[in-house]
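Reviewing the structure listed below.
The values are calculated or read from the model by the stated rules, or taken from the named source; none is laboratory data. Please read all numbers here as calculations on a predicted model, not as lab measurements. Glycine also receives a Cβ, built like all others from the backbone with ideal geometry; neighbour counts cover every protein chain displayed.
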Amino acid sequence: MLREHDLQVYQVLLLKPGTLPKTSSGKVQRLACREAFLAGNLPLVASELLDISFPEAHPKNYSVESIQSWICQWLATKLYISIQSVDGNESFESYGLDSLTAATFIQDLETWSGYLLNISTLQSLGANANLAEYLAQELAHDRSQISAQIPPEYYQIECFPEYAQLQQRLTQIQTLEIPNPYFQVQESLTRDCTQIQGRTLINYSTYNYLGLSGEPRVSAAAKAAIDCYGTSVCASRLASGERLLHQELEQELAEFIGVEDCIVYVSGHATNVTTIGHLFNSQDLILYDALSHNSILQGCALSGAKTVPFPHNDWQALDKILQDQRQHYRRVVIVIEGVYSMDGDIPDLPRFIELKQRHKTLLMVDEAHSIGVLGQYGRGIGEFFDVGRNQVDLWMGTLSKAFASCGGYIAGSKALINYLKYTAPGFVYSVGSSPANTAAALASLRLLKSEPERVKTLQKRSQQFLQLAQAQGWNTATSQNSPIIPIVVGNSLACIQLSHHLFQAGINVQPMIYPAVANDAARLRFFISCLHTEAQINQAIAALANAKSIGC
C-alpha cells in the first residue's frame, strides 16, 4: 500500500481505542487528527520513530530558509514536538540532545545534503539560524567546486564520445572518395524503380513489398480521406480523435489476421516500445531473440523488467532458460519476429508456441516484415505455419511496409486490446493516426485481399533472386522464404564501396554497417517487390557478378 501510493512513514503511533476525532457519522476527521499530532495532544500508548529519509535529497539549491526548515523538521521528529515549537534562535544543545544524537544529526545531514559537518563546528555555532547560514555558504562553495570539475563531455553535445565515434565513421566514408550513401534524396515514387540525382535506378531499398505505395487506388483513398477529415485528427483517439476509418481498419486487420480485435498506433517503432514497456514491469521476465529489432529492445528497457536474450531462433536454448527461470517471475513473455530484417529468415513458430504453452508464458510476434508477405494470402507467419492465431497473445505489425502507410498495430484478444486502448501511454497520450495514413492502410489491406496474386509474385521473385545470388557464391546469411536477401560482405568500407559500384551500374541498394550489424557482418540488404520483373532481377545479379570480377 505504501509503495503503491509513494508514501513515506516517519512515525508509528499506538493510540487508545476510540480516541481519534471522528464525525457524527463515524468518519475520521483527518485535519483534526493532523493538528492534534503536530500539537502532541494525541493520547499515545506507545510510538516508534522510524528511520526517515527526508524529501528532496541533494536538492540543487540550498538556501538558508530550506536548511533552517530541514533542521526544524529534524528536531521536531526527534523530540516528538510540533515543528512550530522549534525556535531557530535556540542552539542545538539547548534542546538537551546528547553526543550520540548529534552524531545521528550529522549523519542524516550528510544523507540529505552530501555535506559532512564536524561535530565541534556544530557545537560552536550556537543558534540553529547560525548553523543554517554556515551550511548554506559551505554547500554553495561545494557546488561551485563540483561545477568547475565537470568535464565538457558531460554537458556539451559536440563533446559526447558517442558523437565523436559517429564523426569518425563518417570520416572513414570520406576517405573512400565516394558520396555518402545515406540520406540520398529520392525524387520520385519508390517502387521497383526510383529516381536519384536525376537518374532512374532499379530500387532494392524499399519496404514496398506489394507495390501498394503509389498504387492509384490507394492514393485516391488517402486523398478522399483528407477531403473528408482533413490532414490530422488533431487529438488522441480517446479524447476526440476517433474516426470511423480507425474502427474499420482495426476490424479488418483483426479479421485478416484471425483474432478478436486490434489497436492501431501512429508509429511502428512506438508500437513495440509502448506496448512492451506498458504491459511488463520489474516483477516480470522478457525473453527476446538476440537479433530482435531496436524497438523491442527499447520497450524492454522502458518496462524495467528482467530481460534475457536467447540465441537467434534457438528454441532449445530458450527452453533451458525457461526451465531455470520461469518460476521466479510473475509474467514471462517470449518475443520473436515473423521475418528478421537483417538476415531475412523466419523462426519455427510452432516450437515457440509449444514452449509458451508448456511454461505458461505469453508470446509476442513482431510481424513488421512478415505480414502481407508470408503465407498463401499474405496473412503472415501464422498462415505460413497454419497455426491457430489465438495461440499467440500479441501479434504486432507495421503499416509502413506491405500496407503502404505509416504506423503500427497490436492484434489479439478483446481483453488485451481494450486494456491497451484505455491505458497504453503511446496510444492514450498520442494523436490518432492521420486520415490519409489510415485510409491508405485500409485501401491496401482491401487490395491485398482482392489481389492475392501480388503475394504469389513477390514470393516467386524473392526465390529467383535468392537462388541466383547463391549460385554466384554470395553469402546470403540464413535468408529463406522472405523478400529480404542480404549479401554479407563483412568489412564495412568494402560494403560501402560495393553499394557505390552498384549505384553506378543503376542499382540502388543500401549498405548496413556497424553498429547496425557486427563489425564483421556488414551487408547489402536487397528488398524484393512484387513489381520487380525477372529482367530487373537478372540485371541486379549481373551487376553483382561484375563487381565480384573486378574485386569490388
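Things to note:
- Selection within the stretch 276-291: residues that are aliphatic (A, V, I, L, M) and part of a loop (DSSP other than H, G, I, E, B). The member of this set that is nearest to His328 (Cα to Cα) is Ala290.
- Consider the stretch 361-376 and keep the residues that are out of contact with any strand residue (DSSP E or B) (no Cβ under 7 Å at 6 or more places or on another chain) and aliphatic (A, V, I, L, M). The one that is surrounded by the most Cβ atoms within 10 Å (Cβ to Cβ) is Val373.
- Condition check for Ala518: outside any helix (DSSP H, G or I) and of a type in the set (A, V, I, L, M, F, W, C): yes
- Condition met for Glu534 (more than 21 Å from Gln184 (Cα to Cα) and free of Cβ contacts under 8 Å to residues at least 12 places away in the same chain): no
- Residues satisfying the stated conditions in the stretch 135-177, i.e. of a type in the set (A, V, I, L, M), assigned to a helix (DSSP H, G or I) and either farther than 30 Å from Ser124 by Cβ or at pLDDT below 85 (or both): Leu139, Ala140, Ile146, Ala148, Ile157, Ala164, Leu166, Leu170, Ile173
- Residues that are surrounded by fewer than 16 Cβ atoms within 10 Å (Cβ to Cβ) and in contact (Cβ under 8 Å) with a residue 24 or more places away in the chain, drawn from the stretch 66-80: Tyr80
- If the condition is being more than 20 Å from Asn546 (Cα to Cα) and either assigned by TED's automatic domain parsing to the domain that holds Asp348 or surrounded by fewer than 19 Cβ atoms within 10 Å (Cβ to Cβ) (or both), then the stretch 493-514 contributes only Tyr514.
- Any hit, the stretch 106-116, residues being assigned to a helix (DSSP H, G or I), under 16 Å from His500 (Cα atoms) and among the β-branched types (Val, Ile, Thr): no
- Counted residues, the stretch 193-217 - those being more than 13 Å from His532 (Cβ to Cβ) and of a type in the set (S, T, N, Q): 4
- Restricting Thr398, Thr438 to residues that are under 20 Å from Ile226 (Cβ atoms) and β-branched (Val, Ile, Thr) narrows the list to Thr438.
- Restricting the stretch 86-104 to residues that are hydrophobic (A, V, I, L, M, F, W, C) and not in a loop (DSSP other than H, G, I, E, B) leaves a set whose member that is farthest from Ile119 (Cα to Cα) is Leu100.
- Condition check for Arg330: among the basic types (Lys, Arg) and in a loop (DSSP other than H, G, I, E, B): yes
- Single condition Thr231 does not satisfy, out of (1) farther than 26 Å from Trp395 by Cα; (2) surrounded by 14 or more Cβ atoms within 10 Å (Cβ to Cβ): (2)
- Within the stretch 109-123, tally of residues that are in contact (Cβ under 8 Å) with a residue 40 or more places away in the chain and either charged (D, E, K, R) or not assigned by TED's automatic domain parsing to the domain that holds Ala140 (or both): 0
- Listed here are the helices (runs of 4 or more DSSP H) enclosed by the stretch 413-492 that have at least 3 residues being touching a helix residue (DSSP H, G or I) at 6+ places or on another chain (Cβ under 6 Å) and surrounded by 22 or more Cβ atoms within 10 Å (Cβ to Cβ): 435-450.
- Any hit, the stretch 126-142, residues being more than 19 Å from Cys72 (Cβ to Cβ) and in contact (Cβ under 8 Å) with a residue 60 or more places away in the chain: yes
- The stretch 203-258, subset among the β-branched types (Val, Ile, Thr) and not in a helix (DSSP H, G or I), residue farthest from Asp386 (Cα to Cα): Thr231
- For Gly382, the test of being farther than 20 Å from Thr206 by Cβ, in a helix (DSSP H, G or I), in contact with a Lys or Arg (Cβ under 8 Å, 6 or more places away or on another chain) and not aromatic (Phe, Trp, Tyr) is passed.
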